[in-house]
Every structure is written in structure tokens, then in C-alpha cells.
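Report on one structure; see the data block that follows.
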Amino acid sequence: MRRKDREITSFTEITDILRRTDIIRLGLNGGQYPYIVPLSFGFEAVDGKITMYFHGAKEGLKHDLIAKNNNVCVEADIFHGNIKSPGGITAEYESFIGFGSVERLTGTEAAKGIDSLLEHCGFSGYQCSEAELDATWVYKIEINSFTGKRRFVK
């Protein structure tokens, strides 16, 4: 990271950013161009490791790209507004960037992923119908490396 003065090194602070973030952006290797898609998500943070969960339809570009290359980049941010600073106008923000690999889940692992996503989205305890589950694939991202960054936010 170029600006070490903005780096967040505390695992607790980094996971706090994820707790307060509504959407992640998933970057996939898309051939000629990268493909980035915003997603609802859930996550767990255990022993310094982050695992993220998301869901999607059983067909489409996201699914096709994951099948071809499951290495991904995940970005999350919280924008706190623009402010005047000695250098001009700048943004106050907190952000997370992680790199990892995606795999599709089934059975109890998929149920765990959906539960994590629903809890993060404010629907803890919601029971998905069979029709909802049948129309959805659940994915897990094992984050291998990550960084956190903030500007001015205390």
C-alpha cells in the first residue's frame, strides 16, 4: 500500500468495515475486460480469516466467469462525504479489498451461506422457501489476502 498512513491493520477494524457495508463489488476475470458486479453478501471472520457468501441465479455471466476462473477480487467501501482539505476537495472513506477464490456450495454449507447473507442484510431467522432455494446458487469466497484503508475517518 502506497499510503501506509491510511492503512488499517487491525483485523477488528477491517471486519467492522464489512459489518457496516451493505454491498460488495465482485471483480471477475472476464476475458478481454474485467467484470465487476455489486452483490449483497454475508461473511464470517474467524481467527484472522474472512469468508464471504453471496448468491445468484443459476445462469448468467457471473456464473459463467466463475466457472472459467474462480480467482476474484472483492471491494467494499463506506463513503462518508467530500470535504475541503489543505490539498483541495477530497473524500472521507473506509474501504476493504480482498483477493480469494470462489466455490459454489451445496447442502448444509449453502444453507449456512444463505443464513449469513440474510443476517447481514437484516433478515436473521428468515426461512427461504424450497422454490427460492431451487432458483439460487450460493457461493463462498475464501479471502486469501486483504487490506483496509481509510482517509480522515476516526
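Please turn the phi angles of segment 59-68 into ³J(HN,Hα) values with the Karplus equation 6.51 cos²θ - 1.76 cosθ + 1.60 (θ = phi - 60°), one per residue in order, whole Hz, x for glycine and proline.
In residue order, the calculated couplings are 8, x, 4, 4, 4, 4, 5, 4, 5, 7 Hz.
Please report how far the C-alpha centroid of segment 5-19 lies from that of segment 90-143, rounded to the nearest whole angstrom.
Cα centroid of segment 5-19 versus Cα centroid of segment 90-143: 20 Å apart.
Per residue and in cubic angstrom, what volume does the convex hull of the Cα atoms of segment 1-69 have?
Numbers: hull volume 8.8 nm³, N = 69.
Expressed per residue, the convex hull around the Cα atoms of segment 1-69 is 128 Å³.
Starting from the eigenvalues of the Cα gyration tensor, five times each then square-rooted, give me the equivalent ellipsoid semi-axes of the chain, largest first, whole Å.
They are 29, 18, 14 Å, listed largest first.
Exceeding 29 Å between C-alpha atoms, which entries from my cross-link table qualify? They are 68/149; 49/149; 62/149; 62/84; 84/140. Display every interim value, and only then the final one.
Numbers: 68/149 31 Å; 49/149 18 Å; 62/149 27 Å; 62/84 39 Å; 84/140 40 Å.
The pairs that break the limit, which is 29 Å between Cα atoms, are 68/149; 62/84; 84/140.
What does the charge dipole of the chain about its Cα centre add up to, to the nearest 20 debye, if the Cβ of each Lys and Arg holds +1 and the Cβ of each Asp and Glu holds -1? Don't skip to the answer; put the middle values down first.
Values: 19 positive and 21 negative charges, 175 e Å.
It comes to approximately 840 debye.
Evaluate the distance, in nm, between pseudo-label points positioned 7 Å from the Cα of residue 36 and of residue 109 along their respective Cα→Cβ axes.
Distance between the two pseudo-spin positions: 2.9 nm.
For the chain, find the longest principal axis of its Cα atoms and tell me its angle to the long axis of helix 107-120, 0 to 90°, nearest 10.
Roughly 40 degrees between the two axes.
Angle check, please: helix 11-20 long axis (alpha carbons) against the longest principal axis of the chain (alpha carbons), in degrees 0 to 90, nearest 10.
The angle comes out near 70 degrees.
Every number here is computed from the coordinates shown, using simple stated rules; none is lab data. Fair warning: this is a prediction, and the values are worked out from it, not measured in the lab. All Cβ positions, even for glycine, are placed from backbone atoms using ideal geometry, and neighbour counts span all protein chains on display.
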